[in-house]
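Data block below; observations after.
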Amino acid sequence: ATPAVESAPAPAPAAAPAKAEAPEPRPAAERGGDTPAGERREAAPERSDGGGATGGDAQGASGGSRDGDEGGQGQGPGQGGQGQNPQGFREGGGRRNRRDRFRDKRDRFRDRERGGDGEFEGNGQGGQGNGGGNDRPPPQLPPDFPVYSLNDLKRMPTYKLLEIAEKLGLHEGVARMRKQDVTFALLKILTRHPQGVAGDGVLEILPDGYGFLRSDDASYLAGPDDVYISPSQIRRFNLRTGDEISGRIRSPKDGERYVALNIVDTINGEPPEASKGKVLFENLTPLFPRERFRLERGNGSSEDITGRVMDLMSPIGKGQRALIVSPPKAGKTMLMQNVAQAILHNHPDVHLIVLLIDERPEEVTEMQRSVRGEVISSTFDEPAARHVQVAEMVIERAKRLVEHKKDVVIMLDSITRLARAYNTVVPSSGKVLTGGVDANALHRPKRFFGAARNVEEGGSLTIIATALVETGSKMDEVIYEEFKGTGNSEVHLDRRIAEKRVYPAININRSGTRREELLIEPDMLQKIWILRKLLHPMDELAAMEFLLDKMKNTKSNDEFFQSMKR
């Protein structure tokens, strides 16, 4: 009896070790190979009674290998999904400990939250279970559902997006999502439509070679509803940052986080083949402005006075590089609004972009509601890197339009804040100018401002930027001095005139345009010079009050000069 007792196998241990025990060695033909992968491939038939995933070969695709011990990442056979052995034992023998039970409970809870999608999330039903009892099918697109484009969704208010989500059966957590997340959730379903979903946007190419279509409604801010552009498409169509692309988008595949552009229909409003031979902006020939923007609307309103004064004292031409020099609270924002409205009224074919950098949010809203053009903003609560990214996108967008022979106007408020942002972002060179300005910081804002030009081959880029002075900051004074000689038109606002509530508070003697004889007819130019000689001896405030008093009695500048003759 004693030898029989000694030959009996040892009882199984009461508790399982922290790591899964290695299985009993089997012949190579039975194991399917000597590698760990071979062991994982053979694990599924052994666990036909335990359910779960397809053994360890799932390699954690369903999230089963979150903590390194429980997925199929080489941790022994049969650990791929979140299946459970019905006897409560681990594969290596022994009872599961508290840590394993806690992990199983946690995984079941996560599965219930996710709705149990994925075939690797079974719960003891051969890997095809519902991951926790939530058997709601994925939302399906009704056959007669209307077709929406990406721009339609982005321009809709949030409550309308939620109504569409309700019709499609998207219920859980949608009301608490951001607008861009709701748009992305809808796109994943709407892209199943037979006609597809049309999408467009402005391309931003990242350093890694791929790009995304940004929306001007979001001020080119990155978001989950952006459209992915592959490097092969960028090389094939010779795309550059700033190109406006439209086409058909497809739903994201497994593991993708963005919708992707499937078919390119147009590039900057033209067929893809037509945009390949465009001359680069840097190779175009710059000229002095020769065609004037008419800012006078002729309706005799008080808002029209601003445009009429600028037409006389500092005319703006196509391709002008104008600087509005203003102290705080001198009316520069209202001046910008009046100029923008006048340009859109008299020149509807011009592409106007209002770029607000480091401004107040309420001023952004007011500008969006009063100006029909494209308003791009980065408010003062945004980081400096965001200011720089928005400015780079806007100038690249404008360059691509000029390459297509379009007239573009950028109204920048303000170039001082943009230079401050570049000063923060640019790596330190070790050479610091007065006021804390880095020696290399002003190169890129100068390149932005210097892009304004009249192009001999057709098209023009006009930049009207504001510069802050008398703020008490030495840095602002240095920035203004650096930009003072780069523009070819200047409008100076006077705080003393604004304090008396005389608007526009333009200092006539200090304002002017270089080579204005190219913009104004000779007979009109002679009248303007006579008017300047008349106003020069006067004080700035008295001269402006005199000019405004005479202008209010007439509806146009021609009528004004006729009355002056009398």
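The values are calculated or read from the model by the stated rules, or taken from the named source; none is laboratory data. What you see is a predicted model; the values in this text were computed from it and never measured. Ideal geometry is used to build each Cβ from the backbone, glycine not excepted, and the neighbour counts take in all protein chains shown.
Miscellaneous remarks
- The C-beta contact set for the range 459-475 (first residue at positive phi, second residue charged (D, E, K, R), distance under 8 angstrom, 6+ apart or interchain) comprises 459/403; 459/405; 459/406; 459/407; 470/495.
- Residue satisfying condition, being crowded, with 17+ Cβ neighbours inside 10 Å, assigned by the TED database to the domain that holds residue 180 and touching a residue at least 60 places away in the same chain (Cβ under 8 Å), within set 223, 242, 211: 242
- Within the range 288-319, the set of residues being under 15 Å from residue 409 (Cβ atoms) and surrounded by fewer than 18 Cβ atoms within 10 Å (Cβ to Cβ) comprises 291, 294.
- In a residue-by-residue description of the range 429-448, the property of being crowded, with 24+ Cβ neighbours inside 10 Å and closer than 20 Å to residue 335 by Cβ applies to no position.
- Of the residues examined, residue 414 is not one that is surrounded by 16 or more Cβ atoms within 10 Å (Cβ to Cβ), closer than 13 Å to residue 220 by Cβ and in contact with a Leu (Cβ under 9 Å, 6 or more places away or on another chain).
- Every listed requirement among (1) farther than 17 Å from residue 491 by Cβ; (2) surrounded by 15 or more Cβ atoms within 10 Å (Cβ to Cβ); (3) within 43 Å of the chain's Cα centre (by Cα) is met by residue 561 save one, (3).
- Residues within the range 528-539 that are part of a loop (DSSP other than H, G, I, E, B) and either surrounded by 15 or more Cβ atoms within 10 Å (Cβ to Cβ) or aromatic (Phe, Trp, Tyr) (or both), tallied: 1
- Within the range 418-443, tally of residues that are part of a helix (DSSP H, G or I) and in contact (Cβ under 8 Å) with a residue 40 or more places away in the chain: 7
- Counting only residues that are touching a residue at least 24 places away in the same chain (Cβ under 8 Å) and among the charged types (D, E, K, R), the range 226-239 holds 1 of them.
- Residue satisfying all of: in the range 180-218; in contact with an Asp or Glu (Cβ under 6 Å, 6 or more places away or on another chain) and not in a strand (DSSP E or B); nearest to residue 161 (Cα to Cα) among these: 183
- In the range 556-566, the residues that are part of a helix (DSSP H, G or I) and not small (Gly, Ala, Ser): 557, 558, 559, 560, 561, 562, 564, 565
- When 254, 216, 208 are screened for being touching a strand residue (DSSP E or B) at 6+ places or on another chain (Cβ under 6 Å) and acidic (Asp, Glu), only 216 passes.
- The residues listed here are 251, 275; of these, the one that is of a type outside the set (D, E, K, R) and buried (at least 18 other Cβ atoms within 10 Å of the Cβ) is 275.
- Residues of the range 342-365 satisfying the condition of being under 16 Å from residue 414 (Cβ atoms) and either in contact with a helix residue (DSSP H, G or I) (Cβ under 9 Å, 6 or more places away or on another chain) or among the aliphatic types (A, V, I, L, M) (or both): 353, 354, 355, 356, 357, 358, 359, 363, 364
- Within the range 203-235, being more than 13 Å from residue 150 (Cβ to Cβ) and among the hydrophobic types (A, V, I, L, M, F, W, C) holds for 203, 205, 206, 221, 222, 229, 234.
Condition check ((1) loosely packed, with under 13 Cβ neighbours inside 10 Å; (2) at pLDDT 90 or above; (3) outside any helix (DSSP H, G or I); (4) under 47 Å from the mean Cα position of the chain (by Cα)) across all residues:
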| residue | (1), (2), (3), (4) |
| --- | --- |
| 526 | yes, yes, no, no |
| 541 | no, yes, no, yes |
| 544 | no, yes, no, yes |
| 554 | no, no, yes, yes |
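- Residue check, residue 554 β-branched (Val, Ile, Thr) and within 30 Å of residue 397 (Cβ to Cβ): no
- Residue count, the range 268-301 (criterion: more than 25 Å from the chain's Cα centre (by Cα) and touching a residue at least 60 places away in the same chain (Cβ under 8 Å)): 16
- Residue within the range 249-258 that is without any contact (Cβ under 8 Å) to a residue 60 or more places away in the chain, of a type in the set (Lys, Arg) and within 30 Å of residue 387 (Cα to Cα) present: yes
- In the set (1) under 19 Å from residue 507 (Cα atoms); (2) under 47 Å from the mean Cα position of the chain (by Cα); (3) in contact (Cβ under 8 Å) with a residue 40 or more places away in the chain, residue 549 fails one condition alone, (3).
- Selection status of residue 160, out of contact with any helix residue (DSSP H, G or I) (no Cβ under 7 Å at 6 or more places or on another chain) and either in a strand (DSSP E or B) or in the same structural domain as residue 260 (by the TED database) (or both): yes
- Residue in the range 509-522 that is touching a helix residue (DSSP H, G or I) at 6+ places or on another chain (Cβ under 8 Å), part of a loop (DSSP other than H, G, I, E, B) and under 13 Å from residue 315 (Cβ atoms) present: yes
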